[in-house]
Amino acid sequence: MTDTIVVKIGSSSLTSEEGGINRERIAFFAHELAALHEAGYQVLLVTSGAIAAGFKKIGYQTRPKLVHEKQAAAAVGQALLMQAYQEAFASYGSQGGVGVAQILLTRADFSNRKRISNALMTIEELLHRRMLPIVNENDTVATEELKFSENDTLSALVANLVKAKRLVILTDMDGLYTEDPRKNPNAVRIDRVEQISDDILRIAGGAGSSVGTGGMRSKIEAARIAMRGGVPVFIGRVFEPGDLKLAVSGIGKGTYFDTSLHNLPMKKQWLGFHSMPQGRIFVDEGAERALLDGGKSLLPAGIRTIEGDFHPGDVVEVFNQQQQSLGRGVVNYAAWQVQAVAGLSTEEVRRRVEVARIEVIHRDEWVTLRA
Ligand SMILES: Nc1ncnc2c1ncn2[C@@H]1O[C@H](COP(=O)(O)OP(=O)(O)O)[C@@H](O)[C@H]1O
Ligand SMILES: N[C@@H](CCC(=O)OP(=O)(O)O)C(=O)O
């Protein structure tokens, strides 16, 4: 079955603070999405930006606050937004680009079985015909939603509806930080979240920029909805060509909310969630790739340094050179033995130490903690 990716782009990434569409950014995102489509994925875009795109044209100085004004601005802006996407997608590649379709939904539609099954059938037919559906809220009728005015929840509902492989929520920040980086520049990014606890919701704070409205909080709440539906989520930034593909493949600039660990066999769940690592092993790029992408075992050749005093059978945590945790595994070596053979070839290792298995961590005893 073809994998489906739902990408949500917020107002702050598409429009300027003063209002109006940022055509350069739309062209950039359209080409990123088209590249994903061309790579064989089924791609759906959930886009905001109608109000932000339309309010100036209708004569408001700043983003309107009253519901009927927002609705009027969105009615003007939605057409401008779609026109900008049409043009941008059509200009992709040399084959006449990628065809797009407009879908307008309200959250209430999701609680009406008939309406939502109609929406799903439409979307499936569009994807089958290799069109790229572009979804926004139907702001003309969605008064309740407009008060909260954010598309994050909508994107999670859409991702669950189409059983997406991943929901990618793009914004102007490269992920969830320990605090709002606009307020505290020393805040640190959280690379991975396995469970959306109250602490995580607390650090997400309130609403964000002046053109966007949901802030980080609504993105985290959306991530929770998607994760409950079994869809892993990425929240982050796509800024340079190729960034979207990286985000989809698990190495993007942002925070991953992953449900995959919940589907692991009991033994690996224990390894990932509950074990107490006795040491840390730092590996080079080759070993990182072998562990994350290749499903391979960890050999001494890829090890740079270690910390802690562990023994065969203990659990250790493995890090890359950027100090990011890659996962955990059961070691077959004592700390002193790893120290003695780090960076050496298998042949050399056999000459220097006597161990039960040549792999420092066998792949069957390994669990990846990065997406
Ligand atoms: N803990 C946090 N980590 C990252 N960003 C945060 C955090 N708390 C609040 N924010 C704010 O959330 C904003 C993104 O939300 P928003 O402006 O609504 O974006 P969008 O229009 O893309 O949906 C960021 O610009 C940032 O200032
Ligand atoms: N549906 C409306 C509002 C969406 C909105 O501002 O959402 P977001 O930028 O995701 O917080 C629009 O397109 O302007």
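No value in this document is a laboratory result; all are computed from the given coordinates. Because the structure is a prediction, the values reported are computed rather than measured. Here the Cβ is made from the backbone with ideal geometry for all residues, glycine too, and neighbour counts use every protein chain on show.
Per-structure values
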read-out: Residue order, fewest to most beta carbons within 10 Å, for S16, S297, S325; value: S16, S325, S297
read-out: By average C-beta atoms within 10 angstrom, highest first, the peptides 216-229, 279-292; value: 216-229, 279-292
read-out: Cα centre as origin, Lys/Arg/Asp/Glu Cβ charges: segment 4-263 dipole, Debye; value: 340
read-out: Shape category assigned to segment 1-133 from the gyration tensor of Cα positions, a/c cut at 1.5; value: oblate
read-out: Sequence of I303, I116 once ranked by neighbouring C-beta atoms within 10 Å, starting from the fewest; value: I116, I303
read-out: Cα-based reach from K114 at 23 Å (exclusive), listing lysines while leaving out same-chain residues under 8 positions away; value: K163
read-out: Listed peptides 171-177, 194-200 by packing density, highest first (mean Cβ within 10 Å); value: 171-177, 194-200
read-out: Leading residue at positive end of dipole, the chain (Cβ point charges), from L271, S297, G54; value: G54
read-out: Value at 222 nm in deg cm²/dmol, rounded to 500, when DSSP H runs of n ≥ 4 in the chain each add -39,500 (n - 2.57); value: -10500 deg cm²/dmol
read-out: Net dipole in debye of segment 267-368 [+1 Lys, Arg Cβ; -1 Asp, Glu Cβ; about Cα centre; nearest 20]; value: 160
read-out: Positive dipole terminus of the chain, leading residue within L369, V341, G308 (C-beta point charges); value: L369
read-out: DSSP-defined beta bridges in the chain - what % are antiparallel, rounded to 5; value: 40
read-out: Inter-centroid distance (Cα atoms) of segment 75-143 relative to segment 270-302, Å; value: 42
read-out: Alpha-carbon Rg/Rh ratio, for segment 267-368, with Rh computed the Kirkwood way; value: 0.92
read-out: Stokes-Einstein D in µm²/s, Kirkwood radius over Cα pairs - the chain at 20 °C with 1.002 mPa s viscosity; value: 96
read-out: Eligible lysines near K296 by straight Cα distance, threshold 19 Å, same-chain separation 8 or greater; value: K267, K268
read-out: Within segment 158-205: Cβ-based charge dipole about Cα centre, in debye rounded to nearest 20 (Lys, Arg +1; Asp, Glu -1); value: 260
